[in-house]
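Written below as structure tokens is the structure these notes are about.
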Ligand SMILES: [Zn+2]
Ligand SMILES: [Zn+2]
């Protein structure tokens with residue numbers, strides 16, 4: 001499975017898709033919203049400010065083109081590493097060198113094939129952090145995390161830790177991000 005940014009300069013191979021993913025998730029948290037506003041890509045948020053993420057293991061991602069257009073921000077000094085492309089400002093993934101988790105943005109999957117997620121994964125499985133949603137999110141959205149979210153995500157994380165899937169991330173080299181992340185100041189954050 002190839003994923004790519006809007007313009008196609010950045011492309012990556014997901015070697016285990018549609019295996020090794022917990023499925024489609026929606027995060028309504030303020031950081032995910034701030035990230036897309038920072039990129040001026042609020043067009044990728046749903047009507048309640050949700051971001052759709054389809055996680056993969058870092059070890060299952062191979063960058064095949066466009067490593068030179070990869071950029072990274074962190075909203076806080078301890079925040080997730082949020083990678084995006086400088087060519088067309090497409091969010092790539094939210095990740096961290098220590099976790100078997102790369103939360104790949106839905107956009108990366110559907111640029112070339114808009115129905116791939118419906119065909120391969122079916123509907124969204126779980127949503128989190130509804131307390132930050134704009135307006136009223138869909139019925140059943142938890143304020144933070146709920147049991148449904150846990151049972152969707154925990155087996156993926158446990159299996160990933162067991163198999164060492166945080167290692168060999170294409171986004172990190174010996175624990176250091178492949179591009180120096182820009183850490184936003186409180187002032188920059190408040191602007192977005
Ligand atoms: Zn691009
Ligand atoms: Zn979030």
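Before moving on, here are some points about what is shown:
- Residue in the stretch 102-125 that is away from ligand 1 (no atom under 16 Å from the Cβ), crowded, with 19+ Cβ neighbours inside 10 Å and within 28 Å of residue 180 (Cβ to Cβ) present: yes
- Scanning the stretch 73-88 for residues that are away from ligand 2 (no atom under 16 Å from the Cβ), touching a residue at least 60 places away in the same chain (Cβ under 8 Å) and surrounded by fewer than 19 Cβ atoms within 10 Å (Cβ to Cβ) yields 77, 87, 88.
- Matching residues, the stretch 1-45, being within 25 Å of residue 144 (Cα to Cα), away from ligand 1 (no atom under 16 Å from the Cβ), in contact with a helix residue (DSSP H, G or I) (Cβ under 8 Å, 6 or more places away or on another chain) and in contact (Cβ under 8 Å) with a residue 12 or more places away in the chain: 20, 21, 22, 23, 24, 25, 28, 29, 30, 33, 34, 45
- Here residue 67 does not fit the description of being touching a strand residue (DSSP E or B) at 6+ places or on another chain (Cβ under 9 Å) and touching a residue at least 24 places away in the same chain (Cβ under 8 Å).
- Number of the condition not met by residue 6 [criteria: (1) within 16 Å of ligand 2 (Cβ to nearest atom); (2) assigned to a loop (DSSP other than H, G, I, E, B)]: (1)
All of the numbers you see were taken from the coordinates with simple rules; none came from a lab. Just so it is clear, the model here is predicted, and its values are computed rather than measured. Note: ideal-geometry Cβ built from the backbone for every residue, glycine included; neighbour counts use all protein chains shown.
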